[in-house]
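For reference, the structure is listed below as structure tokens.
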Amino acid sequence: MAMLITAIVRPEKVYPVLGALSEAGYYGMSRWDVVGRGKEKGITVGEVRYEEMPKSMIYIVTDDEDKNEIIDIILENAQSGESGNAGDGRIFVSPITEAYTISSSSKD
């Protein structure tokens, strides 16, 4: 079964993650910049409250047998500091029930 891995990471961690994925032979992905917040509900710096933090979202579609390796690569390269910090991001995994190639109008 095909799986969708959605990783939300700190912007400065995008290229280390993508580089490590490429080195492991995983090239296909989509990426865009997003803003959001998690459990930390934003941060306060001095007098300023930041409700949403910049993040990058990476979508990777893969076969189920490659899922765990891809997740391990993302975890290893997206974590900040020695043991991680709040705001490092999240990874979500979802099954893909259908996919189509637009250029050939074929169902994958």
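The values are calculated or read from the model by the stated rules, or taken from the named source; none is laboratory data. These numbers were taken from a predicted model, which means no experiment stands behind them. Note that we place each Cβ from the backbone using ideal geometry, even for glycine, and neighbour counts take in every protein chain shown. Ligands, DNA and RNA are excluded from the accessible area calculation, which covers all protein heavy atoms including side chains. Shrake-Rupley method; radii C 1.70, N 1.55, O 1.52, S 1.80 Å.
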Go through the stretch 9-55 and report how many residues are touching a helix residue (DSSP H, G or I) at 6+ places or on another chain (Cβ under 9 Å), within 18 Å of G87 (Cα to Cα) and open to solvent by less than 70 Å² (accessible area, probe 1.4 Å). 7
Yes or no: the stretch 19-33 includes at least one residue that is at positive phi and of a type in the set (D, E, K, R). no
Scan the stretch 48-104 for residues that are free of Cβ contacts under 8 Å to residues at least 40 places away in the same chain and assigned to a helix (DSSP H, G or I) and jot them down. E65, N68, D72, L75
Contact list please: Cβ distance under 6 Å, first residue in the stretch 1-22 and free of Cβ contacts under 8 Å to residues at least 60 places away in the same chain, second residue not in a strand (DSSP E or B), pairs at least six apart or on different chains. A20/I73; A20/N77; L21/I73
Candidate set: the stretch 77-97, residues that are under 12 Å from the mean Cα position of the chain (by Cα) and either farther than 18 Å from G38 by Cα or of a type in the set (D, E) (or both); chosen: the one modelled with the highest pLDDT: N77
When the stretch 17-48 is checked residue by residue, the ones that are over 12 Å from the mean Cα position of the chain (by Cα) and under 22 Å from E69 (Cα atoms) are G19, A20, S22, E23, A24, G25, Y26, Y27, G28
